[in-house]
Structure formats: C-alpha cells, structure tokens
C-alpha cells in the first residue's frame, strides 16, 4: 500500500481545530506544509477538525481562515469539515466492529482514571486497563438497550493480532533523508474510537480523512509523533494507504513550553493588532527572506 501512495502526486493538509485562535505553532505548521507542497509540486488542502461541537465554533473557523489568508495562505474551497462527515467515521467504526475489534465501554472518565493504577499512555493520559472488555456481549447489549451511554474502544490485543506483525512508517522529520520507524501501538492501550456523544475520536477521524482525501504526506508537530503508531495500526485494519510523515519542531514560549490555546499563547490575530506585518511573522518562523528583529521565536 505504501508503494501505491509513493507513486501519486503529493497531497498535504493543514488541519486546525476551530476551538480558539490560531497561534504561532499553528502558523509554523501551516507554513511548513506550504513550503513542502511548493518544493514537491504537491497540493495543500485545508481540513477543519471540528468534531468537538462544545468547543469548536464557526467564529473560530472564520478567524483561523482569515489569519491564514493574512499570512498568504489560501486553500481551494470547499474544505472538509469533520462535523459534516460523521457517516464516514461511523462506517469505519462498523468495519472494525465487524472484525470483532470494538467493544462498548461504560466507564466514566474518572472511573477509567482511577482504574488505571497510575499507568499512562504516550500522551500522559491515564491508560485504560480494559475493564469493560471483560463484559459478555449479552451484558453489553443489555446495558446499551437500557439506554446506558458508552464510548467504543479498540481491543488492542485483538487489533494487534489482526494486523501485520511488523508495523512501521516512513519518517522524514525536517530533513531530506527518510527513515523507517517502528510503530508500537500497544503503549496506547484500548483507545477510544467513538465517544459517549457518538463523535469519532481524533485517531479514527484523522485516519479516515487522510485516506478519503488522498493525503500522501502528513506534516505535523513532534507532539503527535507517538500517535503515528496508532494511526498506522488503524490504517492497516481499515485497509487505508500509509502516508509519509514529517514531524517538525515545535514553537516554544519564553518558558520553553510548546504553545497552546489552553495557556493563552499569543495568537496571530494579536500579533496583527500589534502592528506586525505578514512578512515579519513569516521571517521570524523561518519562512521569509532576510532577518527580522520585530519578532523572536524559539523552536525545538
């Protein structure tokens, strides 16, 4: 499958979540995608990852698109909004369920955290011990029939048994020489594929979207490096092609932490309001001509 995708023209994507303002970390990723698309003669598309309807708002989407345009980034319309394609994710979940790889989980988030015994997944979240995996199908169906809400999880043991013994991906990082990286999805445990609100998880949605949109090169931050193992597993189970990956450096704040909306990191809109121009922002991030002193950023 990897050989097939290598023979196609490159397709890259920038996929923000409209749950806040665009910050410099997002801008760096978008500009890196733009640069690589130009260098390879590829195409860059926009995807809006808005499955979290409680936090994602149309006004944030409009502001993100406006900030990207200010930076010189424009995307062919229409772009894909995940909230408009729930049937695609439901179909993928059903395919995994038909393979006997999915089970309903009735544990609340706090219950799952308490049962984790302090174990953590690669993202630092509590590692689910598989409590509801022990339920019989009769018990699970009865609880669902009573209207109990459930998330749906991947049975990682069965999934690994159904996948190729050797899972890996092609990683370019920010260099030009690719390397093969071994994927170890077992470290993530029984990941959530669909939440109690029936919305697909990030892991499931991104794999489905990349396949349906013909994405050949996934360019994103190093904070998502470990998650690639899960995505490679799901790609194999769903018979999706394997993109090439480039996990780039992160933009850091003055304390050496990665930028995040939850920490109120400076937004591109705020930089615009301060009087900076697009060229100064692009130059500070390493995508402009010459040296600019109006803005200083750190990368790691």
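The values are calculated or read from the model by the stated rules, or taken from the named source; none is laboratory data. Note that the structure is predicted; figures quoted are calculated from it, not measured. Don't worry about glycine lacking a Cβ; one is built from the backbone with ideal geometry, like all the others, and counts go over all protein chains shown.
Are any residues in region 67-84 assigned to a helix (DSSP H, G or I) and surrounded by 18 or more Cβ atoms within 10 Å (Cβ to Cβ), and if so, which ones? It would help to see each step written out before you state the result.
Narrowing region 67-84 to residues assigned to a helix (DSSP H, G or I): 67-70, 82-84.
If the condition is that a residue be assigned to a helix (DSSP H, G or I) and surrounded by 18 or more Cβ atoms within 10 Å (Cβ to Cβ), then 67, 68, 82 are the ones that fit.
Name every residue in region 267-294 that is modelled with pLDDT of 75 or more and either surrounded by fewer than 16 Cβ atoms within 10 Å (Cβ to Cβ) or assigned to a strand (DSSP E or B) (or both), in order of residue number.
Those that are modelled with pLDDT of 75 or more and either surrounded by fewer than 16 Cβ atoms within 10 Å (Cβ to Cβ) or assigned to a strand (DSSP E or B) (or both): 267, 270, 273, 274, 275, 277, 286, 288.
Looking at residue 30 and the list (1) in contact with a strand residue (DSSP E or B) (Cβ under 6 Å, 6 or more places away or on another chain); (2) surrounded by fewer than 19 Cβ atoms within 10 Å (Cβ to Cβ); (3) within 22 Å of residue 250 (Cα to Cα), which single condition is not satisfied?
The single condition residue 30 does not satisfy is (2).
Within region 17-27, take every residue that is in a helix (DSSP H, G or I) and touching a strand residue (DSSP E or B) at 6+ places or on another chain (Cβ under 6 Å) and give me the one that is farthest from residue 69 (Cα to Cα).
Per the criteria, the residue is 25.
Among the residues that make up region 215-223, is at least one of them touching a strand residue (DSSP E or B) at 6+ places or on another chain (Cβ under 8 Å), in a loop (DSSP other than H, G, I, E, B), within 23 Å of residue 18 (Cβ to Cβ) and modelled with pLDDT of 95 or more?
Yes; the residues of region 215-223 include at least one that is touching a strand residue (DSSP E or B) at 6+ places or on another chain (Cβ under 8 Å), in a loop (DSSP other than H, G, I, E, B), within 23 Å of residue 18 (Cβ to Cβ) and modelled with pLDDT of 95 or more.
Go through (1) touching a helix residue (DSSP H, G or I) at 6+ places or on another chain (Cβ under 7 Å); (2) buried (at least 18 other Cβ atoms within 10 Å of the Cβ); (3) without any contact (Cβ under 8 Å) to a residue 40 or more places away in the chain for residue 105 and report which single condition fails.
(3)
Could you list, in sequence order, the residues of region 120-169 that are touching a strand residue (DSSP E or B) at 6+ places or on another chain (Cβ under 7 Å), surrounded by fewer than 16 Cβ atoms within 10 Å (Cβ to Cβ) and under 30 Å from residue 222 (Cα atoms)?
120
Got at least one residue in region 200-212 being closer than 22 Å to residue 108 by Cα, out of contact with any helix residue (DSSP H, G or I) (no Cβ under 7 Å at 6 or more places or on another chain) and not in a loop (DSSP other than H, G, I, E, B)?
Within region 200-212, one or more residues are closer than 22 Å to residue 108 by Cα, out of contact with any helix residue (DSSP H, G or I) (no Cβ under 7 Å at 6 or more places or on another chain) and not in a loop (DSSP other than H, G, I, E, B).
Going by the conditions given, is residue 242 in a loop (DSSP other than H, G, I, E, B) and modelled with pLDDT of 75 or more?
Yes.
Suppose we keep only residues that are free of Cβ contacts under 8 Å to residues at least 24 places away in the same chain and in a loop (DSSP other than H, G, I, E, B) within region 120-152. Which one would you say is nearest to residue 198 (Cα to Cα)?
Selected residue: 147.
So residue 93 passes all but one of these: (1) assigned to a loop (DSSP other than H, G, I, E, B); (2) in contact with a strand residue (DSSP E or B) (Cβ under 7 Å, 6 or more places away or on another chain); (3) under 30 Å from residue 152 (Cβ atoms). Which condition number does it fail?
(1)
Taking the criterion of being modelled with pLDDT of 95 or more and not in a strand (DSSP E or B), would at least one residue in region 255-262 satisfy it?
Going residue by residue through region 255-262, those that are modelled with pLDDT of 95 or more are none.
No, that holds for no residue.
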